[in-house]
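Data first, discussion second: the structure below is written as structure tokens.
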Amino acid sequence: SDRQRDRQTANPRLSGPATLLTAEEATKAAYVNRLTAEINEMRSGIQNMRDGLEALDTAEAAYEDVLYVLDKMQEKVSSAQTAEDLNEALSSDSTSLSAALNSYSAELTKIAASRQVNKQNIIDGTFSNKTFPMGSTQSNVPSISIEILKIPWHPIARSLPWL
């Protein structure tokens, strides 16, 4: 009984967070910690992938909106040209055409200024080299750069120097 009492004093029993782990339990805990870190890294990579896709989707939607406005501008110019060709143009038509084109131009400027991802403008030329790492071991990290929107093939866009 003296030996048992000495052993208990030499090796006190711990409970709660201070419990000593056996070698097998320590191995399991290390494995769980490593898996948890890997899962967290995958979550981060997936979120980065979603952010990159959001940037591309936003840029595509802005591009479509710009094309829509340019088409409206082209229709307005074409109808004005047709009226002039048929000698049906009034002196006020040029003023209304100018006002309409100014309105469309303001709409295009608004599109460029309002399309953002994480408070960063997407189609004004300032969205460049944004990286979206998928994991810490990745050697080639994907990045996205979106230059200022240029539509040289569109008839109206050729007449607007900022497109």
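The table that follows gives values for the structure above.
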{"item": "Hits in segment 79-95 - residues which are open to solvent by 60 Å² or more (accessible area, probe 1.4 Å) and either modelled with pLDDT of 80 or more or among the basic types (Lys, Arg) (or both)", "result": "SER79, GLN81, THR82, THR95"}
{"item": "Those residues of segment 56-108 which are among the charged types (D, E, K, R) and either assigned to a helix (DSSP H, G or I) or in contact (Cβ under 8 Å) with a residue 12 or more places away in the chain (or both), in sequence order", "result": "ASP57, GLU60, GLU64, ASP65, ASP71, LYS72, GLU75, LYS76, GLU84, ASP85, ASP93, GLU107"}
{"item": "Any chance ILE111 is crowded, with 17+ Cβ neighbours inside 10 Å, within 30 Å of GLU41 (Cβ to Cβ) and either touching a residue at least 24 places away in the same chain (Cβ under 8 Å) or of a type in the set (Val, Ile, Thr) (or both)", "result": "no"}
{"item": "Counted residues, segment 32-58 - those being buried (at least 16 other Cβ atoms within 10 Å of the Cβ) and either at pLDDT below 90 or more than 22 Å from THR109 (Cβ to Cβ) (or both)", "result": "3"}
{"item": "Filtered residue count, segment 59-68, keeping only those that are open to solvent by less than 70 Å² (accessible area, probe 1.4 Å) and acidic (Asp, Glu)", "result": "1"}
{"item": "Lone qualifier among LYS72, LYS119 - being of a type outside the set (Val, Ile, Thr) and open to solvent by 60 Å² or more (accessible area, probe 1.4 Å)", "result": "LYS119"}
{"item": "Test: residue in segment 140-151 that is assigned to a loop (DSSP other than H, G, I, E, B), of a type in the set (S, T, N, Q) and modelled with pLDDT under 85", "result": "yes"}
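The values are calculated or read from the model by the stated rules, or taken from the named source; none is laboratory data. Values in this document were obtained by computation on a predicted structure and should not be read as measured data. Please note: Cβ atoms are built from the backbone with ideal geometry, for glycine as well, and neighbour counts cover all protein chains shown. Quick note on the areas: whole protein, heavy atoms, side chains included, nothing else; ligands and nucleic acids left out. Shrake-Rupley method; radii C 1.70, N 1.55, O 1.52, S 1.80 Å.
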